[in-house]
Every structure is written in structure tokens, then in C-alpha cells.
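As C-alpha cells, the structure follows; a few thoughts come after it.
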Amino acid sequence: MMFTCTTPACTDVRHEHRFAPRKGSAAAARARKRPVSRKLVRDKKGRSLRVDIHCHFLNRDAAAKVAHLNPTQYEPQIKFANALTREVNVRQMQDRGPKLSSIELRLNDMDRMGIDIQAVSPAPQQTYYWTEPGLGVEVSRMINDRLAEIVGKWPERFVALGTVPLQNVDLAVIELERCVKELGLRGVEINPNVNGLDLTDSRLNLEKFFAKARELDIVIFMHPTGFTQGERLMDHYFNNVIGNPLDTTIGTSRLIFDGVMERHPGLKVVLPHAGGFLAHYWARMDHAWRARPDCRTVIKKPPTSYLKKFFFDTITFDPEMLRNLIDKFGAAQVLLGTDYPFDMGEEDPVGLINSVPRLPSAEKERIMGGNAARLLKIRR
């Protein structure tokens, strides 16, 4: 799913993609865990709301603001791509680019896909962490103000997750408070690294950011932009296919092993693409924690005890894989996601959830919207 546009005229592939059809697969039924009994948010007809936690909006004015700085030089999914990938991206941008910034086209697609509300977040490269802090604040404010305008005009269809300049933690905390207290945004999208530095790197001092996010009780949506050391991922669109879940895996592992989740219990972190690789190979890190003292230098409990506190979107492309995710982490931690409007997204999210074998209707309703409504404080 990646977006890499940084100028309104950009023709890179990741801005416009065509959805690939999902191929369903039969899956054996498994025992469900952790039944949920929370009250659902319903529409006026009594149907539970369907909320998309993972969808993006391109702010073309912000892109134009930084265009003279050649943003593509900082974007892993452009840097680490071969000629064919760039060619495919140009063709796809011609088809799908308008969907990134046209609300009217977006609303039509939401209706077609059965989505009541989008928790719309910036196109992932529009975090602009590579800018100097003053410019970073300026473009963040532009992006956040526009998202707030969209929500204000279509309050029944959108809530928003903004962006903050993590390259300067003090400015990031100020903008986070403005997003929540003045603009009414429900959280922020961040990347799993800041200019190649891990989120827990002491040079960033992001402990204040995580503490403020917990204090404000908002959602952090941690979305990758490709892998920052992608020299081996140039071909076959690997820096998206492999690089995106890999960067999520590393970012999540850092939040766990470096103690962020332990120090800030209740932090609400949503992981895209079904949690990257970590959510599906979690046992290896638990084994390492038990077997090796160098894996126990910070955290006091097995890593999965913290991983279970994260939230995961449904973008698995396979009912059996989604079934495994629900079985391991519980239906309460799984949220409908589409990655709209990118080609690595899920075209039929409702159909995917409905195809999970023997999933109770109450759990389906919560995954389709109830869990997101609770996290995002959506009330009708």
C-alpha cells in the first residue's frame, strides 16, 4: 500500500494503485478467545457502524510547500525501487491519484465498500520528518488543519488522525495537544522510525511524546514508509511487500523491548498490515526472552504480554490468517482496515471479515467498527 507522493504533479506509483482482488481460502475453525461485551455504536437504523482505521489523504498544498526540497531523495520506497516499479507507479497514479485528495470520490468508494466512517490519516510520507523543525511544524499544521476541515464538513463520515514533527519532540508535543484539544483529532499517525532512527533512540527523546499521547488518551497509528536500509529490496516491489511489514516489525519490537509499552501502560498503538511479521511469528521473541539475558535487559515480562496490548488492522488478504490473528490477540484488538486508496489495500474488507470461519456475529460487528468506535471515541 505505499504512498510516496510529495508534489501535486508527482507520478510515482505509490500514490495511485489499483486494488488487487483477494483470493479466499478455506480455514479450519479455531476456538475464540477473550469474548467482548462492550456496547456497540450503532447508526440510526440500529446497524453497528463500520469504521475504517486505515486510510489516507494527500494534502497537495503541503506537498507543494516542500516540493522545492526534492522530497523523493528522503523516501525509501522511491529510493529503493527499480525502473519497472517506477513505471508501474506512473501508470497507477494516472488511474488512482485523484482518490487521495477528492472527498467526493472517496465517499462514493466508501459507500461501495460498505464503510460508514473513515479514520483518515495523512499519506504516510507526509510526516516530513526530514524537514528542519520549523518547516516540519508548518506543514504538520497545514495537514492537520485540512483534516479538521474535512471532519467539520462531513462529521458523519470522517474522524481524523493527524501528524506531528517527531524530529523535534517539544514541537511535536505542542502540535499533538493542538490536534486534540483545538482541532478535535482523535490521534496521530507516526512512522516506525524518524529519519532512520528508532523511535526509542535517545537522540530523539520521544519519551515525552509517548507520555503526552497516553495522558491525552489518543490513538497512535504507526505506519511504515518502506524499509530505510532497502538496498536488497530494490526488485519486485520488495520495499513495500517486505519492507513495510519489516519496518513495522522493528518499530514494534523497539517499543516492546526498550520498555515504552511497560512504562506507558494503556498506550493505544494501532499496527497496520495486520501487525507486520511480528504478530505472526511472536513465539520466537518469547523464546529469546526466556533463553538469553541480553533479551531481558529492560522488560520484566515476556514480549507477547506487551504485544497483546497493541491493536491490529485486518489487512491480511486471507481469512485463515485473519482467523489466526483473532485467535491469538482476541477480537477486541482487531480493527477493519482498507489502506484506501492504494493497490496494496483491501478492496472488500467486509467480505474478508465475513469469510472468517465460524466468527460469531458479535465479534464481526466489533471488528468491523465497534472496536474502532471505542478507541476513537465515536458516538452517535
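The values are calculated or read from the model by the stated rules, or taken from the named source; none is laboratory data. Here the structure is a predicted model, which is why all the values come from computation and not from measurement. Here Cβ is always computed from backbone atoms with ideal geometry, including for glycine, and neighbour counts include all displayed protein chains. The accessibility values were calculated without ligands, DNA or RNA, using every heavy atom of the protein model including side chains. Shrake-Rupley method; radii C 1.70, N 1.55, O 1.52, S 1.80 Å.
Selection over region 171-223 of residues that are among the acidic types (Asp, Glu) and surrounded by fewer than 17 Cβ atoms within 10 Å (Cβ to Cβ) gives a count of 6. A search for C-beta distances below 8 Å between a residue of region 363-376 that is over 18 Å from Ala213 (Cα atoms) and any residue that is open to solvent by 10 Å² or more (accessible area, probe 1.4 Å) and acidic (Asp, Glu), counting only pairs 6+ apart in sequence or on different chains, returns Gly369/Asp116. Going through region 272-289 one residue at a time, which ones are closer than 21 Å to Asn240 by Cα and open to solvent by 50 Å² or more (accessible area, probe 1.4 Å)? Listed by number, the residues that qualify are Phe277, His280, Tyr281.
Residue-wise test of (1) open to solvent by less than 30 Å² (accessible area, probe 1.4 Å); (2) on the phi < 0 side of the Ramachandran plot; (3) hydroxyl-bearing (Ser, Thr, Tyr).
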position	(1), (2), (3)
Lys309	no, yes, no
Phe317	no, no, no
Glu320	no, yes, no
Ala332	yes, yes, no
Lys364	no, yes, no
Gly370	yes, yes, no
Ile378	yes, yes, no
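Per this entry, Thr316 is counted among residues that are modelled with pLDDT of 95 or more, under 19 Å from the mean Cα position of the chain (by Cα) and not in a helix (DSSP H, G or I).
Scanning region 115-135 for residues that are more than 27 Å from Gly196 (Cα to Cα) and open to solvent by 20 Å² or more (accessible area, probe 1.4 Å) yields a single hit, Asp116. Considering region 43-91, the residues that are modelled with pLDDT under 90 and of a type in the set (Asp, Glu) include one that is nearest to Leu107 (Cα to Cα), namely Asp43. Scanning region 105-158 for residues that are over 14 Å from Cys55 (Cα atoms) and basic (Lys, Arg) gives Arg112, Arg141, Arg146, Lys153. Inside region 238-268, residues that are open to solvent by 10 Å² or more (accessible area, probe 1.4 Å) and of a type in the set (Val, Ile, Thr) make up a count of 4.
Yes or no: region 63-81 includes at least one residue that is open to solvent by less than 40 Å² (accessible area, probe 1.4 Å), within 30 Å of Ala373 (Cβ to Cβ), of a type outside the set (Ser, Thr, Tyr) and in a helix (DSSP H, G or I). For region 63-81, residues open to solvent by less than 40 Å² (accessible area, probe 1.4 Å), within 30 Å of Ala373 (Cβ to Cβ), of a type outside the set (Ser, Thr, Tyr) and in a helix (DSSP H, G or I): absent. Cβ-Cβ distances below 6 Å connect the following pairs, each with a first residue in region 84-106 that is surrounded by 14 or more Cβ atoms within 10 Å (Cβ to Cβ), a second residue that is assigned to a helix (DSSP H, G or I) and among the hydrophobic types (A, V, I, L, M, F, W, C), and a separation of six or more residues or different chains: Val88/Val13; Asn89/Val13; Gln92/Val13; Pro98/Leu105; Lys99/Leu105.
One line per residue, one yes/no per condition, for (1) modelled with pLDDT of 95 or more; (2) part of a loop (DSSP other than H, G, I, E, B); (3) among the basic types (Lys, Arg):
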residue: Met93; (1), (2), (3): no, no, no
residue: Lys99; (1), (2), (3): no, no, yes
residue: Arg106; (1), (2), (3): yes, no, yes
residue: Arg112; (1), (2), (3): yes, no, yes
residue: Ile115; (1), (2), (3): yes, yes, no
residue: Ser121; (1), (2), (3): yes, no, no
residue: Val137; (1), (2), (3): yes, no, no
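Every listed requirement among (1) under 25 Å from Glu207 (Cβ atoms); (2) part of a loop (DSSP other than H, G, I, E, B); (3) open to solvent by 30 Å² or more (accessible area, probe 1.4 Å); (4) at pLDDT 95 or above is met by Ile299 save one, (3).
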